[in-house]
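The values are calculated or read from the model by the stated rules, or taken from the named source; none is laboratory data. Everything numeric in this text was worked out from a predicted model, so none of it was measured. Virtual Cβ from ideal backbone geometry, glycine too; neighbours counted across all protein chains shown.
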Number of protein chains: 4
Amino acid sequence: MSTMSDDVTTLAEIKARVLGFAQERDWEQFHAPKNLSMALAAEAGELMEHFLWTTSEASRDAVKEPVKRAKIEEELSDVVIYAIEFANMTGIDLAAAIERKMAANAAKYPVEKAKGRADKYTEL
Amino acid sequence: MSTMSDDVTTLAEIKARVLGFAQERDWEQFHAPKNLSMALAAEAGELMEHFLWTTSEASRDAVKEPVKRAKIEEELSDVVIYAIEFANMTGIDLAAAIERKMAANAAKYPVEKAKGRADKYTEL
Amino acid sequence: MSTMSDDVTTLAEIKARVLGFAQERDWEQFHAPKNLSMALAAEAGELMEHFLWTTSEASRDAVKEPVKRAKIEEELSDVVIYAIEFANMTGIDLAAAIERKMAANAAKYPVEKAKGRADKYTEL
Amino acid sequence: MSTMSDDVTTLAEIKARVLGFAQERDWEQFHAPKNLSMALAAEAGELMEHFLWTTSEASRDAVKEPVKRAKIEEELSDVVIYAIEFANMTGIDLAAAIERKMAANAAKYPVEKAKGRADKYTEL
(Lines give C-alpha, C1' and ligand atoms only; values in the text may rest on other atoms or scores of the structure.)
Protein backbone atom coordinates (compact mmCIF):
# COMPACT_ATOMS: atom_id res chain seq x y z
CA MET A 1 0.00 0.00 0.00
CA SER A 2 1.44 3.28 -1.06
CA THR A 3 0.91 6.09 1.40
CA MET A 4 3.41 8.67 0.25
CA SER A 5 2.95 10.97 -2.72
CA ASP A 6 4.36 14.33 -3.72
CA ASP A 7 1.03 16.07 -3.24
CA VAL A 8 0.73 15.31 0.44
CA THR A 9 4.12 14.18 1.73
CA THR A 10 6.37 16.69 3.48
CA LEU A 11 10.13 16.43 3.50
CA ALA A 12 9.96 15.87 7.25
CA GLU A 13 7.93 12.72 6.67
CA ILE A 14 10.45 11.35 4.18
CA LYS A 15 13.30 12.32 6.49
CA ALA A 16 11.69 10.36 9.31
CA ARG A 17 11.25 7.29 7.12
CA VAL A 18 14.82 7.37 5.92
CA LEU A 19 16.19 7.96 9.41
CA GLY A 20 14.09 5.17 10.86
CA PHE A 21 15.39 2.76 8.24
CA ALA A 22 18.99 3.58 9.15
CA GLN A 23 18.38 3.48 12.89
CA GLU A 24 16.67 0.08 12.80
CA ARG A 25 19.78 -1.29 11.10
CA ASP A 26 22.25 0.59 13.33
CA TRP A 27 23.65 2.25 10.22
CA GLU A 28 24.11 5.77 11.53
CA GLN A 29 27.68 4.78 12.40
CA PHE A 30 28.37 4.50 8.64
CA HIS A 31 26.47 7.62 7.65
CA ALA A 32 29.18 10.23 8.04
CA PRO A 33 28.68 13.17 5.67
CA LYS A 34 31.76 12.14 3.70
CA ASN A 35 30.39 8.66 3.12
CA LEU A 36 26.91 9.86 2.25
CA SER A 37 28.28 12.38 -0.26
CA MET A 38 30.10 9.51 -1.98
CA ALA A 39 27.06 7.26 -2.00
CA LEU A 40 24.97 10.07 -3.42
CA ALA A 41 27.49 10.72 -6.19
CA ALA A 42 27.76 7.01 -6.98
CA GLU A 43 23.98 6.76 -7.33
CA ALA A 44 23.97 9.86 -9.52
CA GLY A 45 26.43 7.97 -11.71
CA GLU A 46 24.01 5.05 -11.96
CA LEU A 47 21.22 7.40 -13.00
CA MET A 48 23.44 8.81 -15.75
CA GLU A 49 24.24 5.35 -17.06
CA HIS A 50 20.78 5.19 -18.58
CA PHE A 51 21.56 8.14 -20.84
CA LEU A 52 25.20 7.77 -21.87
CA TRP A 53 24.82 7.13 -25.56
CA THR A 54 21.44 8.64 -26.31
CA THR A 55 21.00 12.21 -27.45
CA SER A 56 19.50 14.71 -25.04
CA GLU A 57 16.33 14.92 -27.10
CA ALA A 58 15.95 11.16 -27.32
CA SER A 59 16.36 10.92 -23.54
CA ARG A 60 12.95 12.59 -23.16
CA ASP A 61 11.33 9.56 -24.75
CA ALA A 62 13.70 6.99 -23.27
CA VAL A 63 12.26 7.63 -19.81
CA LYS A 64 8.82 6.56 -21.01
CA GLU A 65 9.70 2.95 -21.79
CA PRO A 66 8.22 1.07 -18.78
CA VAL A 67 11.10 -1.26 -17.82
CA LYS A 68 13.68 1.50 -18.18
CA ARG A 69 11.41 3.94 -16.37
CA ALA A 70 11.10 1.66 -13.35
CA LYS A 71 14.88 1.48 -13.08
CA ILE A 72 15.28 5.22 -13.53
CA GLU A 73 12.75 5.82 -10.74
CA GLU A 74 14.84 3.58 -8.52
CA GLU A 75 18.10 5.39 -9.28
CA LEU A 76 16.50 8.78 -8.76
CA SER A 77 15.05 7.57 -5.47
CA ASP A 78 18.46 6.35 -4.33
CA VAL A 79 19.94 9.77 -5.03
CA VAL A 80 17.24 11.57 -3.07
CA ILE A 81 17.30 9.06 -0.21
CA TYR A 82 21.00 9.74 0.30
CA ALA A 83 20.46 13.49 0.01
CA ILE A 84 17.77 13.26 2.68
CA GLU A 85 19.89 11.10 4.95
CA PHE A 86 22.68 13.66 4.50
CA ALA A 87 20.22 16.30 5.71
CA ASN A 88 19.26 14.03 8.62
CA MET A 89 22.82 13.46 9.72
CA THR A 90 23.78 17.12 9.48
CA GLY A 91 20.58 18.71 10.74
CA ILE A 92 19.95 20.64 7.54
CA ASP A 93 16.43 21.91 6.85
CA LEU A 94 16.40 20.95 3.20
CA ALA A 95 13.31 22.89 2.10
CA ALA A 96 14.62 26.06 3.71
CA ALA A 97 18.06 25.52 2.15
CA ILE A 98 16.48 25.00 -1.27
CA GLU A 99 14.45 28.17 -0.89
CA ARG A 100 17.60 30.16 -0.03
CA LYS A 101 19.50 28.63 -2.94
CA MET A 102 16.72 29.42 -5.38
CA ALA A 103 16.70 33.02 -4.21
CA ALA A 104 20.45 33.16 -4.85
CA ASN A 105 19.95 31.55 -8.26
CA ALA A 106 17.26 34.09 -9.13
CA ALA A 107 19.73 36.88 -8.39
CA LYS A 108 22.43 35.22 -10.52
CA TYR A 109 20.05 34.45 -13.35
CA PRO A 110 17.60 37.35 -13.69
CA VAL A 111 14.80 36.46 -16.09
CA GLU A 112 15.54 39.28 -18.52
CA LYS A 113 19.16 38.17 -18.93
CA ALA A 114 18.85 34.41 -18.66
CA LYS A 115 15.71 33.83 -20.70
CA GLY A 116 16.27 31.09 -23.25
CA ARG A 117 20.01 30.98 -22.58
CA ALA A 118 22.01 28.12 -21.10
CA ASP A 119 25.10 30.22 -20.37
CA LYS A 120 26.67 30.32 -16.95
CA TYR A 121 25.80 33.47 -14.98
CA THR A 122 29.38 34.69 -15.30
CA GLU A 123 28.85 34.86 -19.05
CA LEU A 124 25.42 36.47 -19.21
CA MET B 1 11.23 35.87 4.10
CA SER B 2 11.57 32.14 4.31
CA THR B 3 8.33 30.28 3.81
CA MET B 4 9.50 26.75 3.13
CA SER B 5 10.62 24.28 5.78
CA ASP B 6 10.83 20.50 5.96
CA ASP B 7 8.04 20.33 8.56
CA VAL B 8 5.38 21.84 6.35
CA THR B 9 6.60 21.81 2.75
CA THR B 10 5.45 19.01 0.46
CA LEU B 11 7.48 17.78 -2.47
CA ALA B 12 4.74 19.09 -4.76
CA GLU B 13 5.36 22.60 -3.48
CA ILE B 14 9.09 22.36 -4.12
CA LYS B 15 8.43 20.83 -7.54
CA ALA B 16 6.20 23.78 -8.43
CA ARG B 17 8.84 26.28 -7.35
CA VAL B 18 11.58 24.58 -9.31
CA LEU B 19 9.40 24.20 -12.39
CA GLY B 20 8.28 27.83 -12.24
CA PHE B 21 11.90 28.97 -12.07
CA ALA B 22 12.74 27.01 -15.22
CA GLN B 23 9.61 28.07 -17.07
CA GLU B 24 10.13 31.78 -16.39
CA ARG B 25 13.56 31.46 -18.00
CA ASP B 26 12.40 29.25 -20.86
CA TRP B 27 14.84 26.61 -19.72
CA GLU B 28 12.71 23.51 -20.18
CA GLN B 29 14.26 23.18 -23.63
CA PHE B 30 17.61 22.43 -21.90
CA HIS B 31 16.18 20.17 -19.21
CA ALA B 32 16.26 16.84 -21.02
CA PRO B 33 16.65 13.92 -18.60
CA LYS B 34 20.15 13.26 -19.93
CA ASN B 35 21.26 16.82 -19.22
CA LEU B 36 19.65 16.92 -15.79
CA SER B 37 21.29 13.63 -14.80
CA MET B 38 24.66 15.15 -15.70
CA ALA B 39 23.98 18.37 -13.81
CA LEU B 40 22.88 16.37 -10.79
CA ALA B 41 26.05 14.27 -10.85
CA ALA B 42 28.24 17.34 -11.32
CA GLU B 43 26.65 18.97 -8.26
CA ALA B 44 27.11 15.75 -6.30
CA GLY B 45 30.79 16.06 -7.19
CA GLU B 46 30.87 19.58 -5.77
CA LEU B 47 29.31 18.36 -2.54
CA MET B 48 32.01 15.68 -2.26
CA GLU B 49 34.77 18.22 -2.74
CA HIS B 50 34.20 19.42 0.81
CA PHE B 51 35.17 16.02 2.17
CA LEU B 52 37.99 14.73 -0.03
CA TRP B 53 40.86 14.72 2.41
CA THR B 54 39.11 14.56 5.74
CA THR B 55 38.36 11.27 7.48
CA SER B 56 34.77 10.08 7.63
CA GLU B 57 34.61 10.72 11.37
CA ALA B 58 36.05 14.23 11.04
CA SER B 59 33.47 15.01 8.36
CA ARG B 60 30.78 14.91 11.05
CA ASP B 61 32.33 17.96 12.68
CA ALA B 62 33.43 19.64 9.45
CA VAL B 63 29.80 20.30 8.54
CA LYS B 64 29.34 22.38 11.70
CA GLU B 65 31.80 25.14 10.77
CA PRO B 66 29.46 27.99 9.69
CA VAL B 67 31.13 29.13 6.45
CA LYS B 68 31.66 25.58 5.23
CA ARG B 69 28.16 24.62 6.35
CA ALA B 70 26.59 27.40 4.28
CA LYS B 71 28.41 26.13 1.18
CA ILE B 72 27.49 22.53 1.88
CA GLU B 73 23.83 23.51 2.23
CA GLU B 74 24.08 25.15 -1.19
CA GLU B 75 25.64 22.11 -2.85
CA LEU B 76 23.10 19.77 -1.28
CA SER B 77 20.30 22.07 -2.44
CA ASP B 78 21.67 22.07 -5.97
CA VAL B 79 21.64 18.29 -6.01
CA VAL B 80 18.05 18.09 -4.80
CA ILE B 81 16.87 20.89 -7.09
CA TYR B 82 18.13 18.94 -10.10
CA ALA B 83 16.60 15.72 -8.79
CA ILE B 84 13.28 17.50 -8.41
CA GLU B 85 13.49 19.05 -11.85
CA PHE B 86 14.27 15.60 -13.21
CA ALA B 87 11.05 14.40 -11.56
CA ASN B 88 9.22 17.40 -13.05
CA MET B 89 10.44 16.74 -16.57
CA THR B 90 9.69 13.02 -16.42
CA GLY B 91 6.46 13.08 -14.46
CA ILE B 92 7.81 10.96 -11.63
CA ASP B 93 6.03 11.04 -8.26
CA LEU B 94 9.17 11.22 -6.18
CA ALA B 95 7.65 10.45 -2.77
CA ALA B 96 5.87 7.41 -4.14
CA ALA B 97 9.05 6.25 -5.91
CA ILE B 98 11.05 6.66 -2.69
CA GLU B 99 8.49 4.67 -0.76
CA ARG B 100 8.68 1.84 -3.31
CA LYS B 101 12.48 1.89 -3.26
CA MET B 102 12.59 1.79 0.52
CA ALA B 103 10.29 -1.23 0.52
CA ALA B 104 12.65 -2.94 -1.93
CA ASN B 105 15.63 -1.96 0.24
CA ALA B 106 13.93 -3.36 3.33
CA ALA B 107 13.55 -6.70 1.54
CA LYS B 108 17.20 -6.68 0.46
CA TYR B 109 18.44 -5.61 3.86
CA PRO B 110 16.31 -7.32 6.52
CA VAL B 111 17.03 -5.91 9.97
CA GLU B 112 18.18 -9.22 11.43
CA LYS B 113 20.79 -9.71 8.72
CA ALA B 114 21.88 -6.14 8.07
CA LYS B 115 22.04 -4.78 11.60
CA GLY B 116 25.35 -3.04 12.20
CA ARG B 117 26.82 -4.26 8.92
CA ALA B 118 27.84 -2.19 5.90
CA ASP B 119 28.06 -5.13 3.51
CA LYS B 120 26.22 -5.18 0.22
CA TYR B 121 23.06 -7.28 0.29
CA THR B 122 24.66 -9.84 -1.99
CA GLU B 123 27.18 -10.53 0.76
CA LEU B 124 24.91 -10.67 3.80
CA MET C 1 59.90 23.43 -21.45
CA SER C 2 57.58 20.59 -22.25
CA THR C 3 59.23 17.21 -22.19
CA MET C 4 56.28 14.83 -22.02
CA SER C 5 54.11 13.82 -24.95
CA ASP C 6 51.89 10.85 -25.72
CA ASP C 7 54.23 9.59 -28.42
CA VAL C 8 57.20 9.04 -26.14
CA THR C 9 55.99 9.11 -22.55
CA THR C 10 55.31 5.83 -20.78
CA LEU C 11 52.81 5.48 -17.98
CA ALA C 12 55.70 4.68 -15.64
CA GLU C 13 57.17 8.11 -16.34
CA ILE C 14 53.89 9.86 -15.54
CA LYS C 15 53.44 7.71 -12.45
CA ALA C 16 56.87 8.77 -11.21
CA ARG C 17 56.10 12.45 -11.79
CA VAL C 18 52.79 12.24 -9.97
CA LEU C 19 54.26 10.26 -7.09
CA GLY C 20 57.17 12.65 -6.73
CA PHE C 21 54.79 15.59 -6.55
CA ALA C 22 52.86 13.96 -3.71
CA GLN C 23 55.96 12.84 -1.86
CA GLU C 24 57.60 16.26 -1.93
CA ARG C 25 54.48 17.65 -0.23
CA ASP C 26 54.12 14.74 2.19
CA TRP C 27 50.68 14.07 0.75
CA GLU C 28 50.74 10.30 0.63
CA GLN C 29 49.09 10.34 4.06
CA PHE C 30 45.98 11.82 2.38
CA HIS C 31 46.08 9.60 -0.68
CA ALA C 32 44.09 6.63 0.59
CA PRO C 33 42.27 4.83 -2.24
CA LYS C 34 38.92 5.98 -0.85
CA ASN C 35 39.98 9.63 -0.95
CA LEU C 36 41.54 9.37 -4.40
CA SER C 37 38.42 7.72 -5.81
CA MET C 38 36.39 10.68 -4.54
CA ALA C 39 38.82 13.24 -5.93
CA LEU C 40 38.78 11.46 -9.28
CA ALA C 41 34.97 11.46 -9.38
CA ALA C 42 34.81 15.12 -8.35
CA GLU C 43 37.17 16.05 -11.18
CA ALA C 44 35.12 13.97 -13.60
CA GLY C 45 32.17 16.10 -12.50
CA GLU C 46 34.10 19.26 -13.35
CA LEU C 47 34.89 17.90 -16.79
CA MET C 48 31.18 17.22 -17.37
CA GLU C 49 30.25 20.74 -16.36
CA HIS C 50 31.55 21.96 -19.71
CA PHE C 51 28.93 19.92 -21.54
CA LEU C 52 25.76 20.05 -19.42
CA TRP C 53 23.47 22.01 -21.69
CA THR C 54 25.01 21.41 -25.09
CA THR C 55 23.93 18.59 -27.36
CA SER C 56 26.27 15.66 -27.86
CA GLU C 57 26.92 16.69 -31.45
CA ALA C 58 27.62 20.31 -30.53
CA SER C 59 30.09 19.12 -27.88
CA ARG C 60 32.41 17.97 -30.67
CA ASP C 61 32.85 21.59 -31.72
CA ALA C 62 32.70 23.06 -28.22
CA VAL C 63 36.05 21.49 -27.41
CA LYS C 64 37.72 23.43 -30.21
CA GLU C 65 37.12 26.90 -28.75
CA PRO C 66 40.59 27.80 -27.34
CA VAL C 67 39.67 29.15 -23.90
CA LYS C 68 37.24 26.33 -23.22
CA ARG C 69 39.69 23.80 -24.63
CA ALA C 70 42.41 24.89 -22.24
CA LYS C 71 40.07 24.36 -19.30
CA ILE C 72 38.90 21.01 -20.60
CA GLU C 73 42.50 19.87 -20.95
CA GLU C 74 43.04 20.82 -17.32
CA GLU C 75 39.99 18.92 -16.08
CA LEU C 76 40.91 15.84 -18.11
CA SER C 77 44.45 16.03 -16.74
CA ASP C 78 43.14 16.23 -13.18
CA VAL C 79 41.09 13.09 -13.74
CA VAL C 80 44.05 11.16 -15.14
CA ILE C 81 46.46 12.46 -12.49
CA TYR C 82 44.18 11.08 -9.76
CA ALA C 83 43.76 7.80 -11.64
CA ILE C 84 47.53 7.50 -11.89
CA GLU C 85 48.05 8.36 -8.24
CA PHE C 86 45.43 5.73 -7.40
CA ALA C 87 47.54 3.24 -9.37
CA ASN C 88 50.64 4.48 -7.52
CA MET C 89 49.10 4.04 -4.08
CA THR C 90 47.70 0.60 -4.84
CA GLY C 91 50.52 -0.81 -6.93
CA ILE C 92 48.36 -1.37 -9.98
CA ASP C 93 50.05 -1.75 -13.38
CA LEU C 94 47.61 0.43 -15.26
CA ALA C 95 48.62 -0.50 -18.81
CA ALA C 96 48.38 -4.21 -18.00
CA ALA C 97 45.00 -3.68 -16.29
CA ILE C 98 43.72 -1.75 -19.31
CA GLU C 99 44.86 -4.49 -21.63
CA ARG C 100 43.02 -7.12 -19.56
CA LYS C 101 39.89 -4.99 -19.41
CA MET C 102 39.92 -4.41 -23.15
CA ALA C 103 40.19 -8.15 -23.73
CA ALA C 104 37.15 -8.64 -21.47
CA ASN C 105 35.31 -5.87 -23.32
CA ALA C 106 36.11 -7.48 -26.66
CA ALA C 107 34.51 -10.72 -25.43
CA LYS C 108 31.41 -8.86 -24.20
CA TYR C 109 31.13 -6.76 -27.33
CA PRO C 110 32.10 -8.94 -30.31
CA VAL C 111 32.43 -6.83 -33.46
CA GLU C 112 29.73 -8.70 -35.36
CA LYS C 113 27.15 -8.09 -32.64
CA ALA C 114 28.16 -4.67 -31.39
CA LYS C 115 28.94 -2.92 -34.66
CA GLY C 116 27.15 0.42 -34.81
CA ARG C 117 25.11 -0.30 -31.71
CA ALA C 118 25.25 1.51 -28.37
CA ASP C 119 23.34 -1.17 -26.45
CA LYS C 120 24.70 -2.72 -23.30
CA TYR C 121 26.20 -6.17 -23.85
CA THR C 122 23.35 -7.74 -21.92
CA GLU C 123 20.98 -6.50 -24.62
CA LEU C 124 22.94 -7.39 -27.74
CA MET D 1 49.40 -12.87 -23.57
CA SER D 2 49.96 -9.54 -21.91
CA THR D 3 52.06 -7.14 -23.92
CA MET D 4 51.34 -3.82 -22.27
CA SER D 5 52.84 -2.65 -18.99
CA ASP D 6 53.45 0.73 -17.42
CA ASP D 7 57.22 0.42 -17.78
CA VAL D 8 57.21 0.20 -21.55
CA THR D 9 53.83 1.32 -22.84
CA THR D 10 53.39 4.88 -24.05
CA LEU D 11 50.12 6.74 -23.95
CA ALA D 12 50.14 6.77 -27.74
CA GLU D 13 50.07 2.97 -27.77
CA ILE D 14 47.10 2.85 -25.39
CA LYS D 15 45.36 5.56 -27.39
CA ALA D 16 45.77 3.50 -30.55
CA ARG D 17 44.36 0.39 -28.89
CA VAL D 18 41.36 2.25 -27.52
CA LEU D 19 40.70 4.02 -30.81
CA GLY D 20 40.99 0.79 -32.78
CA PHE D 21 38.46 -0.88 -30.50
CA ALA D 22 35.95 1.91 -31.09
CA GLN D 23 36.58 2.07 -34.83
CA GLU D 24 36.14 -1.68 -35.34
CA ARG D 25 32.70 -1.35 -33.73
CA ASP D 26 31.79 1.87 -35.53
CA TRP D 27 31.38 3.54 -32.15
CA GLU D 28 32.98 6.88 -32.87
CA GLN D 29 29.50 8.16 -33.72
CA PHE D 30 28.59 7.73 -30.03
CA HIS D 31 31.85 9.09 -28.65
CA ALA D 32 31.03 12.78 -28.51
CA PRO D 33 32.95 14.57 -25.73
CA LYS D 34 29.72 15.10 -23.80
CA ASN D 35 28.93 11.39 -23.84
CA LEU D 36 32.46 10.35 -22.95
CA SER D 37 32.58 12.77 -20.02
CA MET D 38 29.39 11.14 -18.69
CA ALA D 39 30.70 7.62 -19.17
CA LEU D 40 33.93 8.58 -17.44
CA ALA D 41 32.05 10.05 -14.46
CA ALA D 42 29.75 7.02 -14.26
CA GLU D 43 32.77 4.69 -14.12
CA ALA D 44 34.36 6.91 -11.47
CA GLY D 45 31.18 6.35 -9.49
CA GLU D 46 31.58 2.60 -9.82
CA LEU D 47 35.15 2.83 -8.55
CA MET D 48 33.94 4.79 -5.51
CA GLU D 49 31.31 2.18 -4.72
CA HIS D 50 34.05 -0.09 -3.42
CA PHE D 51 34.91 2.42 -0.70
CA LEU D 52 31.61 3.94 0.43
CA TRP D 53 31.39 2.64 3.98
CA THR D 54 35.02 1.91 4.78
CA THR D 55 37.29 4.42 6.45
CA SER D 56 40.02 6.04 4.40
CA GLU D 57 42.69 4.15 6.31
CA ALA D 58 40.92 0.81 5.91
CA SER D 59 40.64 1.43 2.17
CA ARG D 60 44.42 1.00 1.90
CA ASP D 61 44.03 -2.63 2.91
CA ALA D 62 40.72 -3.20 1.16
CA VAL D 63 42.43 -2.94 -2.21
CA LYS D 64 44.67 -5.90 -1.35
CA GLU D 65 41.90 -8.50 -1.11
CA PRO D 66 42.27 -10.39 -4.45
CA VAL D 67 38.62 -10.58 -5.61
CA LYS D 68 37.96 -6.95 -4.72
CA ARG D 69 41.29 -5.91 -6.22
CA ALA D 70 40.44 -7.48 -9.56
CA LYS D 71 37.19 -5.51 -9.67
CA ILE D 72 38.89 -2.29 -8.64
CA GLU D 73 41.46 -2.75 -11.42
CA GLU D 74 38.59 -3.10 -13.87
CA GLU D 75 36.82 0.05 -12.68
CA LEU D 76 40.05 2.05 -12.74
CA SER D 77 40.74 0.77 -16.24
CA ASP D 78 37.29 1.81 -17.40
CA VAL D 79 37.89 5.32 -16.11
CA VAL D 80 41.22 5.62 -17.89
CA ILE D 81 39.94 4.04 -21.10
CA TYR D 82 37.22 6.71 -21.33
CA ALA D 83 39.73 9.45 -20.49
CA ILE D 84 41.97 8.20 -23.26
CA GLU D 85 39.12 7.94 -25.74
CA PHE D 86 38.17 11.49 -24.79
CA ALA D 87 41.73 12.51 -25.67
CA ASN D 88 41.42 10.56 -28.93
CA MET D 89 38.17 12.22 -29.96
CA THR D 90 39.40 15.72 -29.09
CA GLY D 91 42.99 15.48 -30.25
CA ILE D 92 44.43 16.22 -26.82
CA ASP D 93 48.03 15.23 -26.10
CA LEU D 94 47.36 13.84 -22.66
CA ALA D 95 50.93 13.57 -21.41
CA ALA D 96 51.66 17.15 -22.45
CA ALA D 97 48.42 18.34 -20.83
CA ILE D 98 49.29 16.52 -17.62
CA GLU D 99 52.75 18.08 -17.59
CA ARG D 100 51.24 21.56 -17.99
CA LYS D 101 48.68 20.91 -15.27
CA MET D 102 51.32 19.64 -12.87
CA ALA D 103 53.38 22.79 -13.45
CA ALA D 104 50.29 24.86 -12.63
CA ASN D 105 49.65 22.73 -9.54
CA ALA D 106 53.25 23.22 -8.40
CA ALA D 107 52.75 26.98 -8.58
CA LYS D 108 49.50 26.78 -6.62
CA TYR D 109 50.91 24.37 -4.06
CA PRO D 110 54.55 25.36 -3.38
CA VAL D 111 56.29 22.73 -1.29
CA GLU D 112 57.09 25.07 1.57
CA LYS D 113 53.45 26.08 2.00
CA ALA D 114 51.66 22.86 1.13
CA LYS D 115 53.87 20.34 2.89
CA GLY D 116 51.77 18.00 5.01
CA ARG D 117 48.62 20.07 4.51
CA ALA D 118 45.45 19.05 2.70
CA ASP D 119 44.05 22.58 2.46
CA LYS D 120 42.95 24.06 -0.84
CA TYR D 121 45.49 26.47 -2.31
CA THR D 122 43.15 29.37 -1.64
CA GLU D 123 43.52 28.64 2.06
CA LEU D 124 47.27 28.04 2.30
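Identify, by number, the condition in (1) within 23 Å of A:ALA41 (Cα to Cα); (2) in contact (Cβ under 8 Å) with a residue 24 or more places away in the chain that D:ILE14 doesn't meet.
(1)
Restricting the first residue to segment B:69-83 and requiring it to be free of Cβ contacts under 8 Å to residues at least 60 places away in the same chain, which pairs with a second residue that is surrounded by 24 or more Cβ atoms within 10 Å (Cβ to Cβ) and aromatic (Phe, Trp, Tyr) meet a Cβ separation below 7 Å and a spacing of at least six or different chains?
B:LEU76/A:PHE86
I'd like to check something: does segment A:3-19 contain any residue that is closer than 30 Å to C:THR122 by Cβ, of a type outside the set (D, E, K, R) and crowded, with 17+ Cβ neighbours inside 10 Å? Step through it out loud before you land on a result.
Narrowing segment A:3-19 to residues closer than 30 Å to C:THR122 by Cβ: none.
No, that holds for no residue.
Can you tell me which residue is farthest from A:LEU76 (Cα to Cα) among those in segment B:22-76 that are aromatic (Phe, Trp, Tyr) and at the interface with another protein chain (Cβ under 7 Å from one of its Cβ atoms)? Lay out the reasoning, then the answer.
Restricting attention to segment B:22-76, the residues satisfying the condition of being aromatic (Phe, Trp, Tyr) are B:27, B:30, B:51, B:53.
Filter once more, keeping what is at the interface with another protein chain (Cβ under 7 Å from one of its Cβ atoms): B:30, B:51, B:53.
Details: B:PHE30: 19, B:PHE51: 23, B:TRP53: 27 Å.
The extreme case among them is B:TRP53.
Just to verify a result, which residue in segment A:97-109, among those that are of a type in the set (A, V, I, L, M) and touching a helix residue (DSSP H, G or I) at 6+ places or on another chain (Cβ under 8 Å), is surrounded by the fewest Cβ atoms within 10 Å (Cβ to Cβ)? Steps first, answer last, please.
Here is the first cut: in segment A:97-109, the residues of a type in the set (A, V, I, L, M) are A:97-98, A:102-104, A:106-107.
Adding the requirement that they be touching a helix residue (DSSP H, G or I) at 6+ places or on another chain (Cβ under 8 Å) leaves A:97-98, A:102, A:104, A:106.
Values: A:ALA97: 25, A:ILE98: 25, A:MET102: 18, A:ALA104: 12, A:ALA106: 14.
Filtering segment A:97-109 for residues that are of a type in the set (A, V, I, L, M) and touching a helix residue (DSSP H, G or I) at 6+ places or on another chain (Cβ under 8 Å), the one surrounded by the fewest Cβ atoms within 10 Å (Cβ to Cβ) comes out as A:ALA104.
Please count how many residues of segment D:77-99 are touching a Ser or Thr at 6+ places or on another chain (Cβ under 9 Å) and more than 7 Å from every other protein chain (Cβ to nearest Cβ).
Of the residues in that region, 1 qualify.
How about segment C:50-59: which of its residues are under 21 Å from the mean Cα position of the chain (by Cα) and over 15 Å from A:LEU52 (Cα atoms)?
Scanning segment C:50-59 gives a single hit, C:HIS50.
Determine if segment A:76-91 includes at least one residue that is under 30 Å from C:VAL67 (Cβ atoms), assigned by TED's automatic domain parsing to the domain that holds A:ARG17, in contact with a Lys or Arg (Cβ under 9 Å, 6 or more places away or on another chain) and at pLDDT 95 or above. I'd like the intermediate steps shown before the answer.
Within segment A:76-91, the subset under 30 Å from C:VAL67 (Cβ atoms) is none.
No, segment A:76-91 contains no residue that is under 30 Å from C:VAL67 (Cβ atoms), assigned by TED's automatic domain parsing to the domain that holds A:ARG17, in contact with a Lys or Arg (Cβ under 9 Å, 6 or more places away or on another chain) and at pLDDT 95 or above.
Within the set of pairs 6+ apart or on separate chains, which have a first residue in segment D:100-117 that is within 28 Å of C:ARG69 (Cβ to Cβ) and more than 9 Å from chain C (Cβ to nearest Cβ), a second that is of a type in the set (Lys, Arg) and surrounded by 17 or more Cβ atoms within 10 Å (Cβ to Cβ), and C-beta atoms under 8 Å apart?
none
Just to check your reading of the model, which residue among C:THR54, C:THR122 is out of contact with any Leu (no Cβ under 8 Å at 6 or more places or on another chain), over 23 Å from D:GLN23 (Cβ atoms) and either among the hydrophobic types (A, V, I, L, M, F, W, C) or not assigned by TED's automatic domain parsing to the domain that holds C:ASP26 (or both)?
C:THR122
Just need a number here: residues in segment A:40-71 that are in contact with a Ser or Thr (Cβ under 7 Å, 6 or more places away or on another chain) and over 24 Å from A:TYR82 (Cβ atoms).
Count: 2.
Return yes when B:ILE98 is of a type in the set (A, V, I, L, M) and more than 24 Å from D:ASP119 (Cβ to Cβ) and no when it is not. Quick ask: steps written out before the conclusion?
Details: of a type in the set (A, V, I, L, M): yes; more than 24 Å from D:ASP119 (Cβ to Cβ): yes.
In short, yes.
Matching residues to (1) surrounded by 21 or more Cβ atoms within 10 Å (Cβ to Cβ); (2) over 25 Å from C:VAL63 (Cα atoms):
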| position | (1), (2) |
| --- | --- |
| D:MET38 | yes, no |
| D:GLU43 | yes, no |
| D:GLU65 | no, yes |
| D:SER77 | yes, no |
| D:MET89 | no, no |
| D:ALA95 | yes, no |
